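The values are calculated or read from the model by the stated rules, or taken from the named source; none is laboratory data. Just so it is clear, the model here is predicted, and its values are computed rather than measured. Cβ placement follows ideal geometry from the backbone for every residue including glycine, while neighbour counts extend to all protein chains displayed. Heavy atoms of the whole protein, side chains included, go into the accessibility calculation; ligands, DNA and RNA do not. Shrake-Rupley method; radii C 1.70, N 1.55, O 1.52, S 1.80 Å.
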Amino acid sequence: MNLPKAAGGPTPGKKLTIAIEGCCHGELDNIYGTLQHLEQKEGKKIDLLISCGDFQAVRNLDDLETMSCPVKYRALNTFYKYYSGEAKAPYPTLFIGGNHEAANYMWELYYGGWAAPNIYFMGYTGCVKFGGVRIAGLSGTYSQAAYMRGHDEKLPYSESSIRSMYHIRDFEVYRLMQIKQPVDIFLSHDWPTNIANYGNKEQLLSRKQFLRSEIEDGSLGNPAGQQLMSALQPRYWFSAHMHTKFPAIVPHSDSSITRFLALDKCLPGRDFLQVAVIPLISSSVFQHIFWTISYDEEWLAIMRSTHDVINLDRRHQPLPGMGALRKGASEADVKVVEEVLQQRGGAKIDPTAFVQTARPADASAAAASNSGSHTGFRGPKKRGRMPSAHVRNPQTESLLQMLQLPYNLEHGPRQMVNMMTGSVSCVVDNHAALPPPPARTVTEDQVNAALDNPEEIDLGGEEEDQVEEEEESGQQQAGQDNTRVEEEQHKEADVVKPTVSLDGTTLEDDPMFKPMC
């Protein structure tokens with residue numbers, strides 16, 4: 001197919017150079033600086049940056065109050081500058097959510113949207129195109145206790161709802177399961193279950209010994225991710241979450257393979273970045289190519305066909321075919337999307353659609369917040385206030401209007417279940433004071449146990465707390481990654497140098513993807 005060349009984009013019909021980053025943790029200045037350093041050093045252009053969660057699109061101190069993270073580790077870092085316009089992202093940037101996000105802001109953009117100019121959030125679930133490459137993603141992490149629940153979390157968040165807010169739900173996975181056309185890249189924050197069996201497991205365990213029991217009993221990872229990988233069979237799958245680099249190759253029954261890569265968090269000397277050259281093969285090039293982020297036609301049709309499956313109630317709501325049905329988008333919805341895109345002149349997402357819905361932090365607030373983040377991890381010197389209600393983002397309203405769909409992200413009156421009779425009654429909205437009703441498929445003890453583990457690593461007891469402290473603070477003891485020295489270096493680093501380079505090879509040629517013996 002002969003494709004027109006667009007200014008500033010990659011050579012048409014050839015390859016895209018994409019930078020994949022693990023856990024961002026709000027370190028945008030360092031990440032962008034690293035990529036610019038690589039470009040200058042290697043003389044090659046990066047077309048797109050992808051982040052695999054824990055992006056931390058924190059606009060102000062109030063947003064920090066909605067992020068599931070111990071107070072002593074909270075910091076604004078640098079996203080607010082890109083939100084306010086003080087800085088501009090030098091590369092088109094795509095990201096999914098992880099388990100440490102500004103939950104109130106991510107809910108505004110549930111279906112995806114510009115979190116800042118040139119920085120696009122893919123939503124809780126989503127699929128977009130860039131240069132003809134189809135990129136799908138699932139935000140959040142898996143929790144058995146929350147998986148069958150609806151998104152009943154309302155502002156102001158309680159201690160438990162601020163965590164369950166980032167847990168994936170069955171209806172979100174069901175929506176992704178409706179994708180029928182080939183997917184080039186899939187993004188998740190946590191790893192698909194059993195992925196460790198397809199790479200160098202012993203090398204992984206030499207770095208993360210505490211994962212041994214979960215790997216051996218098959219409980220490590222996201223079973224919904226494994227289900228999606230088996231069904232969608234993407235060419236590439238990128239993840240983060242475990243703060244280590246891990247490649248794997250997963251074979252499928254039709255002889256195709258998925259190349260999996262997990263990456264670390266942004267710190268000096270850590271494997272947080274991979275530059276990949278993605279060939280534009282025929283499976284990616286179906287429609288007109290935009291060298292910008294654009295809507296995916298099939299995904300828009302799926303949004304219409306599955307609009308009524310969203311659940312904002314705590315209790316589980318049955319899905320078609322018990323969630324296993326893969327019928328795809330209806331012909332009627334496909335036709336509506338075709339007509340809508342024709343009327344608007346194409347699938348390109350309007351880069352000027354970004355709208356500020358909260359006041360960005362100023363320099364003094366940022367200084368007060370960030371000053372504690374690298375001085376013993378004592379948290380921000382100044383704190384914000386938990387927002388009292390969710391905000392309707394104009395981008396979300398515009399997208400739903402374009403698809404001729406009603407707005408469906410507002411919660412009705414909160415309900416209380418009588419534990420003795422099972423009757424349901426409306427109560428005054430005081431979420432933090434309400435006792436949680438029982439989950440339909442798990443016990444209350446299981447719910448509490450899951451909500452006490454923000455990393456979703458079921459280690460139990462004091463060992464779990466110890467590992468979480470080490471992973472969050474980046475200050476493990478000597479002999480375990482030498483992280484304490486790295487944190488001291490991080491305070492003065494102008495550019496965080498990654499352990500990979502722009503070598504111009506494709507992931508197929510990369511030695512790290514050679515089959516493990």
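Run through all the Cα pairs of segment 126-261 and give the fraction in each 5 Å bin from 0, expressed as whole percent. For segment 126-261, the pair-distance distribution reads 2, 9, 19, 21, 18, 15, 9, 5, 1, 0.
Taking the square roots of five times each eigenvalue of the Cα gyration tensor of segment 131-207, the equivalent ellipsoid has semi-axes of 26, 21, 11 Å, listed largest first. Extending 7 Å from Cα along the Cβ direction at VAL71 and again at GLU202 yields two label points whose distance is 4.7 nm.
Based on alpha-carbon atoms, the Kirkwood radius and the radius of gyration of segment 15-412 give Rg/Rh equal to 0.94.
Just check segment 83-180 against the gyration tensor rule for me: Cα atoms, a ≥ b ≥ c as the square roots of the eigenvalues, rounded for a/c under 1.5, and otherwise prolate or oblate depending on whether a/b exceeds b/c. Oblate.
Overall form of segment 52-140: oblate. Here a/c, set by the Cα gyration tensor axes a ≥ b ≥ c, is 1.5 or more, and a/b is not larger than b/c. For GLU331 and GLN404, FRET efficiency with R0 = 22 Å and r from the beta-carbon atoms, rounded to 0.05? Approximately 0.85, to the nearest 0.05.
Rounded to the nearest 10 square angstrom, PHE260 shows an accessible area of 0 square angstrom against a 1.4 Å probe. Using the Cβ of ASP271 as centre and a radius below 9 Å, the other residues enclosed give a net charge of +1, where K and R count +1 and D and E count -1. Accessible surface for PHE354 stands near 40 Å², nearest 10, in the context of the full protein assembly shown (1.4 Å probe). Converting the Cα gyration tensor eigenvalues of segment 310-372 into ellipsoid dimensions via √(5λ) gives semi-axes, longest first, of 40, 26, 10 Å.
Our estimate of slack between MET322 and SER388, defined as 0.36 nm per intervening residue step minus the Cα-Cα distance, is 20.2 nm. In the context of the full set of protein chains, segment 15-412 has a per residue accessible area of 35 Å² (1.4 Å probe).
Computed with every protein chain present, the accessible area of MET148 is close to 60 Å² [probe 1.4 Å]. In segment 15-412, what percent of the accessible surface is made up of carbon and sulfur (1.4 Å probe, ligands and nucleic acids excluded)? Result for segment 15-412: 48 percent of the exposed heavy-atom area is carbon or sulfur.
Within segment 15-412, DSSP assigns beta bridges of which about 55% are antiparallel (rounded to the nearest 5).
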